[in-house]
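The values are calculated or read from the model by the stated rules, or taken from the named source; none is laboratory data. The shown structure was predicted, so the numbers you read here are calculated from the model rather than taken from an experiment. Here the Cβ is made from the backbone with ideal geometry for all residues, glycine too, and neighbour counts use every protein chain on show.
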Amino acid sequence: MELAGAKALITGGSSGIGRGIAAALVAQGCTVEITGRQREPLEKVAAELGVGWIKADVGVEQEAVRSVAEFVERHGRIDILVNNAGFGRFAPLVEMELSDLESVFRTNVFGAFVMAREAARHFVRQDSGNLINISSTSGLKGGRGSTAYSSSKFALRGMTECWREELRRHNVRVMLVNPSEVMTAFSANAGFDQELSDRKLRSQEIADAIVGALKLDSRGFIPEFSIFATNPF
């Protein structure tokens, strides 16, 4: 697709992978808005990147619905939705609370669902669109202590496959992206230390891969791809 002039909405865009994707799409000439739960970092990043912003918690249905509606009202259409907002809670099964599982699913699964549903209604009317769900290699293989996070990404992968089958007939490309470990604040926010290394992935690599997938002519698309560091050890 031609990215110059495309209208893109990115959830969780004030830091990490979301911020990297926003910067990459701006560089391609897209009109971009980012969402997030905290006003101050949103305003700061939006000013730095030259993008719009919407304060919204995708885990709250009314706020997710509002964010898509506001975006389309301002720009007349939506060409790209990047479902990036997400976080993790990590603990052994015997120590995990139901509330931990519920909170992760509220954002990673239910939030992605509502955002996708609202954007898809416009995609179908437009007979075009691009839905990109940011999953994880944790959605391909579970691990110790990852009950909440991995299961949420497995769920996102399953929903993505369903949406892809529904929306292809409307010329909508639905893609799933599985980053491996990326140097962001994700680990710190989840409560554990991340070993710093120049060999590990940065947000830029994820953003570059997504730009490449989007720039493929719209008659084709890449349904799913994973991004690993070449040699992180």
Item checked: Considering residues of segment 68-87 that are surrounded by fewer than 23 Cβ atoms within 10 Å (Cβ to Cβ) and of a type outside the set (A, V, I, L, M) only, the residue nearest to Asp127 (Cα to Cα) -> Arg77
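Wholly within segment 1-110, which helices (runs of 4 or more DSSP H) include no fewer than the required count, namely at least 1 residues that are within 25 Å of Trp163 (Cβ to Cβ) and in contact with a strand residue (DSSP E or B) (Cβ under 7 Å, 6 or more places away or on another chain)?
Values: elements: 16-27, 39-49, 61-75, 98-105.
Output list reads 16-27, 61-75.
Residue by residue, here is whether (1) out of contact with any helix residue (DSSP H, G or I) (no Cβ under 8 Å at 6 or more places or on another chain); (2) without any contact (Cβ under 8 Å) to a residue 60 or more places away in the chain; (3) among the polar types (S, T, N, Q); (4) surrounded by fewer than 17 Cβ atoms within 10 Å (Cβ to Cβ) holds:
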residue: Thr11; (1), (2), (3), (4): no, no, yes, no
residue: Gly16; (1), (2), (3), (4): no, no, no, no
residue: Val26; (1), (2), (3), (4): no, yes, no, yes
residue: Ile54; (1), (2), (3), (4): no, yes, no, no
residue: Met96; (1), (2), (3), (4): no, yes, no, yes
Next item on the list: Inspect segment 128-144 for any residue being surrounded by fewer than 18 Cβ atoms within 10 Å (Cβ to Cβ), within 30 Å of Asp217 (Cα to Cα) and β-branched (Val, Ile, Thr) and give the result as yes or no.
Entry: yes
Next item on the list: Test each condition in (1) over 24 Å from Arg169 (Cβ atoms); (2) touching a residue at least 40 places away in the same chain (Cβ under 8 Å); (3) over 16 Å from the mean Cα position of the chain (by Cα); (4) in a helix (DSSP H, G or I) for Phe123 and report the one that comes out false.
Entry: (1)
Check: Only one of these conditions is not met by Ala64: (1) over 18 Å from His122 (Cβ atoms); (2) at pLDDT 95 or above. Which number is it?
Finding: (1)
Checklist line | So Gly158, is it loosely packed, with under 14 Cβ neighbours inside 10 Å, assigned to a helix (DSSP H, G or I) and on the phi < 0 side of the Ramachandran plot | finding: yes
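Residues Leu201, Leu131: which one is modelled with pLDDT of 95 or more and not small (Gly, Ala, Ser)?
Selected residue: Leu131, the only one of Leu201, Leu131 that is modelled with pLDDT of 95 or more and not small (Gly, Ala, Ser).
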